[in-house]
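Enquirer: Sharing a structure, written as structure tokens. Questions coming.
Read the figures in this text as sums done on the coordinates, not as results from a lab. Just so we're clear, the structure is a prediction, and the values are computed from it rather than from any experiment. As a convention, Cβ positions derive from the backbone with ideal geometry for all residues, glycine included, and neighbour counts pool all protein chains shown.
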Amino acid sequence: MFKHILVPLDGSKVGEAALPVIDKLCDKLASGTKVEITLLGVITLLRHWVVVGEASAPVSYTEDELGLIKERVINYLNTAAESVTCKGVSVNTVVRSGNASEEILKAVEELGVDLLAMSTHGRSGLRRLAFGSITDKVLHGASIPVLMVRGAEGTTNE
């Protein structure tokens, strides 16, 4: 059975759709088995654009700015961890910086997880081509089972 589950979260309600599913799954798994859940947040934008008049330029975040962003992600993950109600399950949080799909796949290997559970935003057609699909990249690159949970209809990406 699954003993260590990785759940990547992006800060959106759609992204959190996997949490209740994992909670129910853990209720079934946890009887007599120690289950660990790791919530992963990836900081993907390491720079922002500064616009002055008609000119604009990419500017890297300062260490202080990155520290504030990381703190916000940690607070978000800790709040999300509180929503996991399954008894006998330990919940950890991890924050990384970089390309989301690459960091998720690295975390799978480095943390030794045996199930990856993530939400899909359900984009298709041109929107999927324009935005890419982190879920699709992870699904095809993962060496372990991936549980994909579709975000609820009508849920916004806030």
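Enquirer: Sort the following peptides by mean Cβ neighbour count (other Cβ atoms within 10 Å, averaged over residues), highest first: 17-23, 61-67.
Expert: Per-residue mean Cβ counts within 10 Å order the peptides as 17-23, 61-67.
Enquirer: When the Karplus curve 6.51 cos²θ - 1.76 cosθ + 1.60 is applied with θ = phi - 60°, which whole-Hz ³J(HN,Hα) does each residue of the range 61-78 get, with x for Gly and Pro?
Expert: Each residue's phi maps through the Karplus curve to give 5, 6, 4, 5, 5, 4, x, 5, 4, 4, 4, 5, 5, 4, 4, 4, 5, 5 Hz.
Enquirer: Follow-up question, since we're still on this one. In whole percent, what relative contact order does the range 1-127 give with Cα contacts below 8 Å and a gap of six or more residues? All intermediate terms of the calculation are to be shown ahead of the outcome.
Expert: On the way: 190 pairs, mean separation 51.4, N = 127.
40 percent.
Enquirer: Hey, what angle do you get for helix 100-111 against the long axis of the chain, alpha-carbon based, 0 to 90 degrees rounded to 10?
Expert: Long axis of 100-111 versus the principal axis of the chain: about 40 degrees.
Enquirer: Go ahead and estimate [θ] at 222 nm for the chain from helices alone: -39,500 (n - 2.57) per DSSP H run with n ≥ 4, summed, over the residue count, rounded to 500.
Expert: That comes out to -11500 deg cm²/dmol.
Enquirer: Now a separate question. Please list, in order along the range 35-45, the HN-Hα scalar couplings obtained from phi with the Karplus expression 6.51 cos²θ - 1.76 cosθ + 1.60 (θ = phi - 60°), rounded to whole Hz, x for Gly and Pro.
Expert: Using θ = phi - 60°, the values come out as 10, 10, 10, 10, 8, 10, x, 10, 8, 9, 9 Hz.
Enquirer: Put +1 on the Cβ of every Lys and Arg and -1 on every Asp and Glu Cβ in the chain; which of Leu46, Ile144, Tyr61 then has its Cα farthest towards the positive end of the dipole?
Expert: My answer, from the dipole projection, is Ile144.
Enquirer: 5 Å is the cut-off here: which amide hydrogens, built 1.01 Å from N in the peptide plane, fall below it relative to Val14, excluding neighbours closer than 5 in sequence?
Expert: Those qualifying (amide H under 5 Å, at least 5 residues apart or on another chain) are Glu158.
Enquirer: So how do Arg47, Arg150 line up by other beta-carbon neighbours within 10 Å, fewest first?
Expert: In order of increasing Cβ crowding within 10 Å: Arg47, Arg150.
Enquirer: Would you please state the base-10 log of I(q)/I(0) at q = 0.10 1/Å for the range 4-150, with intensities from the Debye formula using one equal scatterer on every alpha carbon?
Expert: Results for the range 4-150 at q = 0.10 Å⁻¹ read -0.39.
Enquirer: Let me ask something else about it. Give me the dipole magnitude in Debye, nearest 20, for the range 4-150 about the Cα centre, with unit charges on the beta carbon: positive for Lys and Arg, negative for Asp and Glu. List each step's numbers first, then the result.
Expert: Values: 15 positive and 17 negative charges, 112 e Å.
Around 540 debye, computed over the range 4-150.
Enquirer: Skipping prolines and chain starts, which residues have an amide H placed within reach, meaning under 5 Å, of the one on Thr120, given they are 5 or more residues away or on another chain?
Expert: Counting only residues 5 or more places away or on other chains, the set is Val149, Arg150, Gly151.
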